Amino acid sequence: MKQGIIVTNITQTSPRFRKQVDSFLFAANRLKNFKLTEVKATNVIKYLEENKNVDFCLFWDKDIYLARLIEEKGIKIYNSSRAIALCDDKGLTYQALKASKVKTPNTFVFSLTYNENINQYLDEIMPSLVLLGFPLVIKERFGSFGEQVYLVNDIEELKQLLLKVGDRPLLAQTYIDYEKGTDYRVYVINGKAVLAVKRENKDDFRSNVNQGGVMSEVFLDKKMEEVAVKAAKATQCVYAGVDLIKDEAGNYLVLEVNSNARTINAYEASGFDVAYHYLKFINEDNDFKEFARNIKYNIKDLFKRKG
C-alpha cells in the first residue's frame, strides 16, 4: 500500500478550504492500496519522525522552508518545493515562463524597496510602465483568489494605489480587454491537460470565482492545451491550474500558474473530479522511490569535504 500525507496549514480553517481538503481525503478512499492522512504543518516533522512508512506528501501549503525539510527526509512532495516557489511568486513565474518562451501579457517587475513605498521612486520606473500602456494591471507578487490584483486607468490612479500597496513586492502587466472579465483555467496533470473551464465576471475585470466569477466547462482546444502544458513544464509542476487569457489575435497568454489550484469549483462546473485524477497519478507514480534515493545521496554529498 502506498501511504502519504496531505500537509495543511493550521490557519486555514474556512469552510471553502475544509471542503477542498475533504475532497482529497474522499478521493483517496476511492483508490485501492492507497492511504492519505491529513497532517497540520506545525506537526509534520514530528509525524514523519514517528511514522517511517510515509511514501509521499501532497503539500497543500506554500511554506517553502517546510516543503524543503520534507524533501530532505527523502519524501517526494507534490508539487515540489521548487515548483511551489516558482508559482507562489508571480515575479518568478513570469521569469520562468519567459525563459521557456511562453507568451504572457507584457510585464514589468517592480524593484524591491525594503518596506519603503515605491511611489517616491515612481519617476524612475515610469518609462517602463508607460511602455506597457494604460490601463495597467498591478499585482502583488504574493497573493491568491484575485484579492491582490488591481486595475489602474491612468497615472493618478496608479499613484493612489501605490500609496496603499507600494511597500510590497509588485509587478505590472498590460491589461488585455479583448474578453473583459473572462479567463480560462486549464488543469494539467503530469504533462497532460485534463480539463478546461471558463470563468466570467460581468461586474469585475477579475474573473476569479471568489470575486464573483462564474465557472463553466469549455472545450479544450489544441492551442489552449499546448500553452497550458508548456507553462506547467516551465514552472516544474506535475499538477497545475494554468490561467489563460485570449487576445484579439486569438492567442492564449498565460496570466498565472497555480501549483495548488483548487478543484472544487471545477468539479461543480464540469462533474470532472480533478482531485481524484491527481491522486490517481500520484498512486501510479513510482518515481518517489528513486527520488528518495537521490535526495538522500545529494544531502549527504553536501557535507563531503573536497580535496
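A short reminder: the numbers here are calculations on the coordinates, not readings from a lab. Given the structure is predicted, the values throughout are model-derived calculations rather than measurements. Note: ideal-geometry Cβ built from the backbone for every residue, glycine included; neighbour counts use all protein chains shown.
Taking a ≥ b ≥ c as the square roots of the Cα gyration tensor eigenvalues, the stretch 103-177 comes out rounded, since a/c falls below 1.5. Give me the net charge of K202's neighbourhood, meaning all other residues with Cβ under 15 Å from the Cβ of K202; Lys, Arg count +1, Asp, Glu -1. That works out to -2. Overall shape of the stretch 1-160 was characterised from the C-alpha gyration tensor. The equivalent ellipsoid obtained from it has semi-axes of 40, 16, 15 Å, in decreasing order. Partners of K76 within straight-line reach, counting aspartates and glutamates whose Cα lies under 13 Å from its Cα and excluding those fewer than 8 residues away in the same chain: D55, D285, D287, E290. Please list, or write none, the lysines whose alpha carbon is within less than 19 Å of the alpha carbon of K164, excluding same-chain residues fewer than 8 places away. The qualifying lysines are K139. In loop segments of the stretch 56-120 as defined by DSSP, the chymotrypsin sites (Phe, Trp or Tyr not before Pro) with at most 11 further C-beta atoms inside 10 Å of their C-beta are Y114. Listed options for Cα extents along the principal axes in Å are (1) 66, 59, 48; (2) 58, 55, 36; (3) 66, 45, 40. The value calculated from this structure is the one marked (2). For K202, the aspartates and glutamates whose Cα falls under 16 Å of its own Cα, not counting residues fewer than eight places away in the same chain, are D177, E179, D183. Based on C-alpha pairs under 8 angstrom that are at least 6 apart in sequence, the chain has a relative contact order of 19 percent. Among the listed pairs K192/K233; K40/K233; K35/K73; K32/K52; K62/K90, a Cα-Cα separation exceeding 18 Å is found for K40/K233; K35/K73; K32/K52. Each Lys or Arg adds one and each Asp or Glu subtracts one; over the other residues with Cβ under 12 Å from the Cβ of F134, this totals -4.
Need one word for the stretch 122-264: rounded, prolate or oblate. Basis is the Cα gyration tensor (sqrt eigenvalues a ≥ b ≥ c); a/c below 1.5 gives rounded, then a/b vs b/c decides. Judged from the Cα gyration tensor, the stretch 122-264 comes out prolate (a/c at least 1.5, a/b above b/c).
What trypsin sites (Lys or Arg not before Pro) in the stretch 1-76 are in a loop by DSSP, with at most 10 other Cβ atoms within 10 Å of the Cβ? Passing both the DSSP loop test and the Cβ count: K32, K52.
In terms of its alpha-carbon gyration tensor, the stretch 45-115 comes out prolate; a/c meets the 1.5 threshold, and the first ratio a/b outweighs b/c.
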